[in-house]
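Working notes for the structure below.
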Amino acid sequence: MAELTTIARPYAEALYQVAAKGDVTAWSRQVAALAAVASDEKLRQFADSPKVTGAQVFDLISSVVGMPLETGVQNFLRTVIDNGRLVALPAIAEQFHALVNAASGVSDAVIYSPYPIAGESLAEVVASLEKRFARKLSARVEIEPELIGGIRVVVGDEVLDTSVKARLERMKVALSA
C-alpha cells in the first residue's frame, strides 16, 4: 500500500499543478470518476493483457466514465495508462483530492448517523461541526443504525462521538471498573 502512495504522489502533484490553472472542481469530479472506473478488477485485468493497446484501454475507460473529459485529464489518463500505473489511479485521485482540499482550506468529514440527515438539518450540523473543528468541512452522511442515536463524526484523524452507543460503552466501562 505504501508503494502505491509513493507512486501516486508525483502524479497527483503534477495533476494538481495543471488543474490549478483551470477549473479544479471539474477536474476533481473527472479524476474521481476515473478512479472509480479504474478500481474495477476486470478493467485492470483487461488493461494488463498484452493483446490490448493503450488506446483501447483509454477508449474503454473514456466510454465507461460517462462524462466528457477535459483535454488535460485525457492527457493525464493516457500518461497513466502508458506508464502502466492504472492500478495507482485510485491512490492518485485520493492524493489529488487531498491537495485540492488543502489548497481550499477544507477538510472532509464523515458523519455517521443512525438516521438520514439532509437539507437544513445537515447544514445546521455542519455549521456547528465547523465551529467545533475550527475549519471548513465538506461533509457526507453515512447511515449506521448501530449507533442508536446521536452522531459520530470523523474529520481526518479526529473523532467526535456523541452517539448513544458510545455513551452506553462508557457507562459499561465505568460500572465494571
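Brief remarks on what is shown
- Residue tally, condition open to solvent by less than 60 Å² (accessible area, probe 1.4 Å), closer than 23 Å to Phe46 by Cα and out of contact with any Ser or Thr (no Cβ under 8 Å at 6 or more places or on another chain), over segment 62-88: 9
- Residue in segment 128-146 that is farther than 28 Å from Thr25 by Cβ and of a type in the set (D, E, K, R) present: yes
- Residue that is open to solvent by less than 30 Å² (accessible area, probe 1.4 Å), free of Cβ contacts under 8 Å to residues at least 40 places away in the same chain, closer than 30 Å to Arg135 by Cα and in a helix (DSSP H, G or I), where the choices are Ala33, Ala26, Ala91: Ala33
- Flag for Ala47 being surrounded by 14 or more Cβ atoms within 10 Å (Cβ to Cβ), small (Gly, Ala, Ser) and under 17 Å from Leu15 (Cβ atoms): no
- For segment 69-76, the criterion of being part of a helix (DSSP H, G or I) and closer than 26 Å to Val155 by Cβ is met by no residue.
The values are calculated or read from the model by the stated rules, or taken from the named source; none is laboratory data. Since we're looking at a predicted model, the values are computed, not measured. Neighbour counts are summed over all protein chains in view; Cβ atoms, including those assigned to glycine, are modelled from backbone coordinates with ideal geometry. SASA here: full protein model, heavy atoms, side chains in, ligands and nucleic acids out. Shrake-Rupley method; radii C 1.70, N 1.55, O 1.52, S 1.80 Å.
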